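See below for the structure under consideration.
FYI, it's all coordinate maths here, none of it is from the lab. This one's a predicted model, so the numbers in the text were calculated from it and none came from an experiment. Here Cβ is always computed from backbone atoms with ideal geometry, including for glycine, and neighbour counts include all displayed protein chains.
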Amino acid sequence: MQPVCLADAAPLHGIAMHGDPALPPDYKHFSYVNPDVKKGGKITYGVVGTFDNLNPFILKSMRTTARGLWDPEFGNLVYESLMQRSRDEPFSMYGLLAETVEWDDERSFVQFNLNPKARWADGQPVTVDDVIFSFELLRDKGRSPFSRRLDVVETMEKVGDNSVRFTFNDKADRESPLLLALSPVLPKHATEVEGFDRTTLQFPLGSGPYRIKEVKPGEKIVFERDPDYWGKDIPAKIGFDNYDRITVEYFLQENSLFEAFKKGDVDVYQEGNPTKWARGYDFPAVASGAIVRDTFRPQVPSGMLGFVFNTRRPMFSDVRVRHGLSLVFDFEWVNKNLFEGAYKRTESFWQNSQLSSLGVAADGRERQLLGPALDRIEPAILDGSYRWPVTDASGRDRKVLKQAVVLLKEAGYTIKDGVMSDAAGRPLAFEIMTQNADQEKLALAYQRFLAALGIRASVRTVDDSQYQSRAQTFDYDVIIRAYASSLSPGIEQAARWRSDFRDREGSEAFAGANDPEVDRLVDAILAARSAEDFRSAVRAHDRMLLSNHYVLPLYHLGQQWLARHSYIAHPDAMPLYGYQFPVWWDARVQ
């Protein structure tokens, strides 16, 4: 009996990066929603920044951005993708605009069969022509990553009346079909092609559950539920989109946002400051129960928050310099004096998960993957015993500073007349760019630690607009960035670390990595077919990133802190990735 080719099998209700999706074809809703929620009411979110554009898919939209139109946090309120991601699985997709999907075991193609019920907000059907138009327009005029999605596609063609098939070229990997499924679809009949890459405040037409009702440029966006939303009854949307009105308010400073939350002008507040979480909520609304504080514990890796060295700058091209500068940072002093001892030191990009290399010796599969790069991995990182040195919390631990001096000396730097300089007498000096008071506080502490070795670090805090502009064009020496880590790392690793993204403005290549061995390991992640091969590839990549010291690791909590007004409710079940705003609701609705 011949095996059945998946290309000839029945269309699938969902797909997963590895293995099968957890939910069966007849699933009713995602596990982390309240399917019986009473819809209505309103919510106001607050963000720090501004916006001058309502097109989230172009480079010029990234001046903080107009939140909510296409938004992983607040929800894709206006635009939708072909499939919907479940946040209770590492990387699984279920039908949305595409009712079903087809592919073969090699993932040489993917075919999306559109839901015949899918409609734009003006009532016109979502068509295959819209899908093809969207991918071509974003390729030509969109920003990364949307502009790169067709790089892996050999042909994109209409199949029958309601299906579109993408056949992949040799640049594609196992993740490519899922990334296409995550891509936005725009209406061909209501999208201006000529001026698409220019800023606009014209209200967009989408297929999503909300329409824009009001905009005050740079200050506020108000979304109103579309009562005729086509997808409200499909399983992937049950329990979502529960408010009649969603408002996003913009604030110039974090303190202003917090004060607005305390007064009730903003309904939820995401807290990231342990000192404020411990001491800053002693006000009447908390005491009375009008404001509730929640602690969530997602089951995801720690991610990496840290000072990022821009290796495009000659001073940071030597890994010994980056390593030495990293050792100077006294985490124990910072944690004790600034953060109430609340944090744990981050020592892996995937800490607290099976994907982390921390505490795990490289096995034969990893060593084979690393190949010629084995000699470049620090021995302690290779055998899993690596830990950052624990200081005496004085800010000037001589033992650790001595290690830093040795590394810097190997790289050609010595202290002369109290100044760390190279052989030509040029001082080791750089600027740390920050974007808010919390980052500035960290940078000033680091500045003091560096001064002990005669290293001159200036700290410059800029407004959000300037920060976004400089970050997009890599115009900085050192910045503080957070690299989120999932249980299914993939193409985002290329955008962060692969050499071909180094000069791509608007990408996440903040460190400017330019290393063929890093490239090769990223490609190994993308090509992995089994769970074992995938885990080994991620661990090898983790070891290489740690050994290259692109980032000075800071800390993580392992918790999510959030305060909310008591009338904003959420389901009891929390998904793998933590709380999800799009499934919360207004409990005042009777």
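Using 0.36 nm per residue, how much length does the chain from residue 296 to residue 283 gain when fully extended, once their Cα-Cα distance is taken away?
On the way: separation 13, 0.36 × 13 = 4.68 nm, distance 2.21 nm.
Difference between extended and current length: 2.5 nm.
If we sort 519-530, 80-91 on the protection proxy, mean other Cβ atoms within 10 Å, highest first, what's the order?
Values: 519-530: 19.1, 80-91: 22.2.
Packing order, densest peptide first, comes out as 80-91, 519-530.
In nm, what is the difference between 0.36 nm times the number of residues separating residue 385 and residue 530 and their Cα-Cα distance?
49.5 nm
Just the projected area, averaged over all directions, of the convex hull on the alpha carbon atoms of the chain: how many nm²?
That works out to 28.0 nm².
With an 8 Å cut-off on Cα pairs and a minimum separation of 6 or more residues, tell me the relative contact order of the chain in percent.
On the way: 1201 pairs, mean separation 120.8, N = 590.
RCO, the chain: 20 percent.
Any idea what the dipole of the chain comes to, in debye rounded to 20, about its Cα centre with Lys/Arg Cβ at +1 and Asp/Glu Cβ at -1? Present the calculation step by step, with values, prior to reporting the outcome.
Working: 72 positive and 82 negative charges, 367 e Å.
Taking the Cα centre of the chain as origin, the dipole is about 1760 debye.
Can you tell me the FRET efficiency between residue 129 and residue 198 if r is taken as the Cβ-Cβ distance and R0 is 22 Å, rounded to the nearest 0.05? Each step should come with its number before you reach the end.
Working: r = 24 Å, r/R0 = 1.08.
E between residue 129 and residue 198, to the nearest 0.05, is 0.40.
Please give the calculated 222 nm ellipticity per residue for the chain, where each DSSP H segment of at least 4 residues contributes -39500 (n - 2.57) and the sum is spread over every residue; nearest 500 deg cm²/dmol? Please report the intermediate quantities before stating the final value.
Numbers: 15 runs with 144 residues, N = 590.
Estimated from H runs of four or more residues: -7000 deg cm²/dmol.
Check segment 304-556 and count each lysine pair with an alpha-carbon distance under 27 angstrom, considering only pairs eight or more places apart or from different chains.
Close lysine pairs found across segment 304-556: 12.
Straight-line reach from residue 158: which lysines fall under 16 Å, measuring Cα to Cα and dropping same-chain residues less than 8 apart?
188
Listed highest first by mean packing, meaning other Cβ atoms within 10 Å per residue, what order do 498-505, 418-425 come in? Present the calculation step by step, with values, prior to reporting the outcome.
Working: 498-505: 16.6, 418-425: 13.0.
Ranking, from highest mean packing down: 498-505, 418-425.
Report the label-to-label distance for residue 447 and residue 219 in nanometres (one decimal), using points 7 Å from each Cα along the Cα→Cβ vector.
If labels sit at residue 447 and residue 219, their model points lie 3.4 nm apart.
Starting from the alpha-carbon convex hull of segment 304-556, give the projected area averaged over all orientations, in nm². Working shown, then result.
On the way: hull surface 52.8 nm².
The Cα convex hull of segment 304-556, projected and averaged over all directions, gives 13.2 nm².
Highest first, please rank the peptides 374-381, 11-18 by the mean number of other Cβ atoms sitting within 10 Å of their residues. It would help to have the intermediate numbers written out before the result.
On the way: 374-381: 14.5, 11-18: 19.5.
Final packing ranking: 11-18, 374-381.
In Å, what Rg and Dmax follow from the Cα atoms of segment 53-131?
When restricted to Cα atoms, segment 53-131 yields Rg and Dmax of 14.8, 42 Å.
Looking at the chain, send over the antiparallel percent of its DSSP beta bridges, to the nearest 5. All intermediate terms of the calculation are to be shown ahead of the outcome.
Values: 65 of 80 bridges.
Close to 80 percent.
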